[in-house]
1. Going by amide H atoms built from the backbone, whose H comes under 5 Å of the H on C190, apart from near neighbours?
2. Treat each spin label as a single point 7 Å out from the Cα along the C-beta direction, and report the A62 to A24 distance in nm.
3. Rounded to whole Å, give me the distance from the Cα center of region 132-148 to that of region 1-47.
4. Taking just the C-alpha trace of the chain, give me its Rg and Dmax in Å.
5. Sticking to Cα atoms, compute the Rg of region 55-117 to one decimal and its Dmax as the biggest Cα-Cα distance, whole number, in Å.
6. Could you tell me which GluC sites (Glu not before Pro) in region 205-270 are loop residues by DSSP with no more than 15 other beta carbons within 10 angstrom of their beta carbon?
7. Could I have the simple spin-label model distance between H114 and K203, label points 7 Å from Cα toward Cβ, reported in nm to one decimal?
8. In terms of Cα to Cα distance under 16 Å, which lysines are near enough to K166, apart from those fewer than 8 places away along the same chain?
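None of the figures in this text is laboratory data; all of them are computed from the coordinates on show. All values derive from a computational prediction rather than experimental measurement. Note that each Cβ is placed from the backbone with ideal geometry, even for glycine, and that neighbours are counted across all protein chains shown.
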Amino acid sequence: MPKLVEPVIADPDDIEAQIECFKAHGYVILPDLLSPDEVDTLNDAIDRDRETNPFMWFSGTAPDYNCNLLLTEPAFEMTIRHERLLPLIGNLMGGPICFEELAVRHRDGEDEAHDTGWHRDRGYWPDHPLNLDYPQVIYYLNDVNETTHCFSISPEPAGGEILDDKDAHLERGGILHFYGSAGSAILFNCATLHGVTLRKTEKVRRTIQVYYGHPDRRSLSEVTLMPPSLWREHPDPEVRRFYSKFNRYTRVMMDGLSMTDDREHSLPNL
Ligand SMILES: O=C(O)CCC(=O)C(=O)O
């Protein structure tokens, strides 16, 4: 059984310390990234959308999972271009960054505990100094501890040797169960081994997952539609650029709905 490791929490007001933490451990914990009022706003928005648009709450085969809340509940935008996240992620990526995906999840309790579903969402990018293609941020919208489901990660040095073998990765890095209060978040490379640890519990856990990418790399996924309110109508050209990386899902929908692609920041169709 791999060892359990304690979290390392870099000073939230010191971006250099956070960068060093990411380089050494492959993650940055961000306590209180959302205020209690913001958490309430987002939980209310989820309640409203689950009531109004229940058919939007699935993704692939997963229920209780909505990747298009930007279309119906624009408040979620605050979790994407967060003022404490963008400078940190931009620095780690080493160039301009784009939005890729927003996934909001409501998980009910379970009758039985399940081992962590260890996986990598995507591969590493070995040409990048930190092997970083798609950073991900997971926010908690309720308090998470030993009595709830939790996010788990096997830490690793960001630019270090890539251990493709899962057992070797777990043996080297151990297991960090990420616990935190509502509004806390964790940033990591979505290629780093991670997963959800499901507990026998009656408690609900809600999470927001945000993915970012480089403008000139393939789109991460085909689940989030880029809202015209952000890529076309937003008054700030930098915001319009940030939301201009169209995945194929967006392009197919726009073609089908006879919407013209008049992006001023048209990015390659990779
Ligand atoms: O829900 C979690 O805690 C983990 C989510 C996850 O594993 C993923 O997004 O790939």
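1. Y134, Q136
2. Each label point lies 7 Å from its Cα, and together they span 3.1 nm.
3. Each part's Cα centre sits 8 Å from the other's.
4. Cα-based Rg and Dmax for the chain come out at 18.2, 55 Å.
5. Rg, Dmax (Cα atoms, Å): 15.4, 45.
6. Within region 205-270, the qualifying GluC sites (Glu not before Pro) (loop, at most 15 other Cβ atoms within 10 Å) are E222, E233, E264.
7. Going by the 7 Å Cα→Cβ label model, 1.9 nm.
8. The qualifying lysines are K3.
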